[in-house]
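I have a structure here, written as structure tokens, and I will follow up with some questions on it.
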Amino acid sequence: MAIQSGSRIGSAILIVGLFIGGSLWVFGHTPAPTVRTMRLAASLPPGDTFGGPFAFPSVAISPDSRHIAYVASHDGVAQLYLRDLTEWNGKPLPGTVDAHTPFFSPDGQWLAAMIGTKLVKFPMAGGPPVAITNIPFKVYGGSWSSDGWIYMGTVPPLGLVKISLETGALLGASKVDDDHGETEHRYPDALPGGKWVLFAARKGGHAYDEAEICAISLKNGEVKSLIKGGTSPKYLSSGHLAFVREGKLMVVPFDPVSLQVKGEPVAAADGVLENPTVGAGQYAVSADGSLIFATGGAKLADRELVYIDRGGATKVLSSRKQQYEDLAISPDGRQLAVTIGGKTTDIWLHDMASGAEKVFTSGLEHRSPAWSGDGKRLFYSGYTGIEDQQWVMIQKDLDGDGKEHTLRFSETPLMPWFISRDGQILLYEESSRSGNALSELMWMDGSHRFQNMTLHDFNQEWSQFSADGHWLAYNIDESGQQEVYVVPYPALVPKVKISTGGGTHPFWSTDGKELYYLSAPAADAGRPLDQRVRLMAVPMETSPALKPGTPHMLFAGPFYQGGHDYVMTPDGKGFIFIRESQPVPASAELRMIVNWAGDLSQHLPRR
């Protein structure tokens with residue numbers, strides 16, 4: 001039974017009048033001897049969706065099922081909402097634009113969520129939010145454990161991290177098993193008692209539907225494998241383990257003490273919204289056994305390649321929408337090298353005249369293409385899964401024998417950015433073991449000599465030489481947020497700040513008289529999706545000294561932000577972006593099963 005609200009998204013989101021008749025006694029107003037299993041649904045007005053412009057968890061339910069937190073989008077603006085199911089209306093939480101990953105404390109007294117780079121908790125009794133800590137890298141999933149720590153999934157090469165609720169200290173909680181090809185640990189769920197945490201362990205090149213569900217001991221770090229093939233695990237009070245696989249919610253009897261899985265998993269609900277690229281299953285379960293999930297099944301984001309001139313006029317380049325993630329344009333402007341994700345992630349060549357695309361790489365995972373100065377070869381990153389040589393930086397000729405030549409091995413991710421105009425120096429990024437992004441230079445004279453430019457504990461990325469090779473632009477977060485700087489080369493000092501109010505991914509014009517960058521919106525900006533990413537232009541004087549002008553916006557749009565996410569065409573007349581037509585899998589309906597655990601106990605008993 002679906003209920004649609006004609007009002008704005010904050011006023012009537014979830015299970016309105018239906019809960020009045022059916023759930024009052026569930027929540028204690030009229031006690032009943034037994035709690036029946038009920039299936040309920042709520043939909044939104046056309047154009048509104050559950051979830052925001054992120055591929056992160058978007059729904060949460062309190063331990064007693066009384067409160068639901070969710071991210072919802074209205075007019076392209078996503079923020080966090082909280083609803084008491086004994087009341088009519090859901091309420092937007094102030095200052096939570098673009099929030100994600102909501103989860104409750106075990107006692108139900110707090111709601112935590114990520115807002116920008118800050119982990120914040122909201123008191124359920126009312127009052128201002130409390131900042132727990134700043135997390136300078138992306139996180140994927142969070143769980144509040146009874147042992148006084150919050151556990152979160154992260155990016156390579158880090159595993160799970162844990163955050164102290166007392167001090168905000170951030171420490172490592174698990175180690176990615178390089179020897180067995182693991183690259184990420186995500187979506188933790190703390191088991192009762194504070195002794196074990198469930199999580200999904202992915203191997204490089206594999207989709208998250210092929211990840212492994214594991215448990216790690218909080219006492220000694222022992223890891224036990226539980227299920228092969230699934231993501232977003234959660235423990236149910238009925239004695240079951242739930243997880244997502246290909247848009248299906250799977251369950252299997254599970255003993256949280258012995259960590260024994262009993263029998264084979266079965267599908268308990270179909271059409272659960274999931275992004276298999278990042279592994280986020282949009283569902284949550286309460287301690288008392290209720291389930292809430294967003295519908296939609298396994299979906300990938302819809303993106304297209306677009307050409308945009310300086311005035312904002314747009315032309316679609318791609319013949320169909322795909323999971324575009326990176327792009328780089330050849331020096332003659334005739335071809336794009338683009339990363340396309342899916343079951344496998346590979347680099348394709350896109351012909352600018354015809355729009356035809358042909359695959360250039362094959363294997364486990366390839367991304368982040370960069371052209372040589374003469375346009376005869378490509379540099380890109382690859383994943384091998386070979387112990388201490390998991391990530392490689394590769395060079396491959398467009399014409400020739402098709403062989404890949406490895407330039408550099410690393411235990412942590414590598415990402416080529418750009419090569420100098422004379423072809424002598426390749427700029428690239430390497431992740432440190434602590435998770436920081438380091439900018440480095442590699443000489444292409446055969447020596448493979450390299451130099452680290454990031455001398456402190458900051459995240460520095462996207463380095464690019466000016467056309468004359470005398471200046472270097474990059475962004476770094478040493479001020480507390482990413483800002484764009486320019487330094488002379490080879491001195492690398494002094495650095496001059498170019499952006500105002502945040503900026504990323506600087507790109508030099510072909511004549512060196514302008515520098516472009518992407519604006520970094522504030523967490524509470526409330527900017528609609530079609531204006532979310534802004535391209536800024538800055539006039540630049542470089543002789544006799546560096547003198548930047550005032551940044552001004554050229555245009556804004558719903559553009560994908562990732563690695564190589566835009567380029568300027570070699571003729572200097574326009575830009576190519578990856579445009580989001582459907583930014584991430586989204587849903588217009590939430591479903592709830594009250595006393596789902598009781599239903600499972602009846603139909604899938606523990607053995």
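The values are calculated or read from the model by the stated rules, or taken from the named source; none is laboratory data. Everything quoted here is computed from the prediction, not taken from an experiment. Methodologically, a virtual Cβ is constructed for each residue, glycine included, from the backbone with ideal geometry; neighbour enumeration extends over all protein chains shown.
Checking TYR187 against (1) free of Cβ contacts under 8 Å to residues at least 60 places away in the same chain; (2) on the phi > 0 side of the Ramachandran plot, only one condition comes out false. Which one?
(1)
Taking the range 262-290 as the region of interest, how many residues are among the β-branched types (Val, Ile, Thr) and farther than 26 Å from THR154 by Cβ?
Initial filter on the range 262-290 (among the β-branched types (Val, Ile, Thr)): 266, 272, 277-278, 285.
Keeping just the survivors that are farther than 26 Å from THR154 by Cβ gives 266.
Within the range 262-290, residues that are among the β-branched types (Val, Ile, Thr) and farther than 26 Å from THR154 by Cβ number 1.
Taking the criterion of being more than 27 Å from LEU349 (Cα to Cα) and loosely packed, with under 13 Cβ neighbours inside 10 Å, would at least one residue in the range 430-443 satisfy it?
yes
Here's a follow-up. In the range 396-411, what residues are in a strand (DSSP E or B) and surrounded by 16 or more Cβ atoms within 10 Å (Cβ to Cβ)?
Applying the first criterion (in a strand (DSSP E or B)) to the range 396-411 yields 396-397, 405-410.
Within the range 396-411, LYS396, LEU407, ARG408, SER410 meet the criteria.
I've got another one for you. Are there strands (runs of 3 or more DSSP E) fully within the range 303-380 with at least 1 residues that are in the same structural domain as GLN424 (by TED's automatic domain parsing) and buried (at least 22 other Cβ atoms within 10 Å of the Cβ)? List them.
324-329, 335-340, 346-351, 365-371
Another question, if that's okay. Of all residues in the range 85-102, which are surrounded by 23 or more Cβ atoms within 10 Å (Cβ to Cβ) and touching a Gly at 6+ places or on another chain (Cβ under 7 Å)?
GLY90, ASP98, HIS100, THR101, listed by residue number.
For a quick check of your reading: which strands (runs of 3 or more DSSP E) sit entirely within the range 218-266 and have at least 3 residues that are within 17 Å of SER601 (Cα to Cα) and aliphatic (A, V, I, L, M)? Reasoning before the result, please.
Numbers: elements: 223-228, 231-236, 240-245, 248-255.
By residue number, 248-255.
Could I ask something else about it? Looking only at the range 444-463, filter to residues that are crowded, with 18+ Cβ neighbours inside 10 Å and more than 18 Å from VAL493 (Cβ to Cβ); which one of those is farthest from the chain's Cα centre (by Cα)?
MET444
Can you tell me which residue is nearest to ALA294 (Cα to Cα) among those in the range 80-105 that are under 20 Å from the mean Cα position of the chain (by Cα) and modelled with pLDDT under 90?
Start the filter on the range 80-105 by keeping residues that are under 20 Å from the mean Cα position of the chain (by Cα), which leaves 80, 96-103.
Keeping just the survivors that are modelled with pLDDT under 90 gives 97-98.
Details: VAL97: 20, ASP98: 18 Å.
My answer is ASP98.
For the range 109-128, which residues satisfy the criterion of being assigned to a loop (DSSP other than H, G, I, E, B) and either at pLDDT 95 or above or more than 24 Å from the chain's Cα centre (by Cα) (or both)?
If we filter the range 109-128 for residues that are assigned to a loop (DSSP other than H, G, I, E, B), which is where we start, we get 109, 116-117, 124-128.
Selection gives GLN109, MET124, ALA125, GLY126, GLY127, PRO128.
Something else: Of the numbered conditions (1) at pLDDT below 95; (2) among the hydrophobic types (A, V, I, L, M, F, W, C); (3) not assigned by TED's automatic domain parsing to the domain that holds GLU404, ILE292 fails exactly one; give the number of that condition.
Every condition holds for ILE292 apart from (1).
Same structure again: Between residues in the range 66-88 that are under 20 Å from ILE593 (Cβ atoms) and residues that are basic (Lys, Arg) and not in a loop (DSSP other than H, G, I, E, B), which pairs lie under 6 Å by C-beta distance while being six or more apart or on different chains?
Partner pairs satisfying both residue conditions: ILE68/ARG83.
Given the conditions (1) at pLDDT below 90; (2) out of contact with any Lys or Arg (no Cβ under 8 Å at 6 or more places or on another chain); (3) farther than 19 Å from LEU515 by Cα; (4) surrounded by 13 or more Cβ atoms within 10 Å (Cβ to Cβ), and given that ARG421 satisfies all but one, which numbered condition is not satisfied?
Exception for ARG421: condition (3).
Take PRO265 and tell me if it is more than 26 Å from the chain's Cα centre (by Cα), surrounded by fewer than 21 Cβ atoms within 10 Å (Cβ to Cβ) and at pLDDT 90 or above.
Numbers: more than 26 Å from the chain's Cα centre (by Cα): yes; surrounded by fewer than 21 Cβ atoms within 10 Å (Cβ to Cβ): no; at pLDDT 90 or above: yes.
Against the criterion (more than 26 Å from the chain's Cα centre (by Cα), surrounded by fewer than 21 Cβ atoms within 10 Å (Cβ to Cβ) and at pLDDT 90 or above), PRO265 does not qualify.
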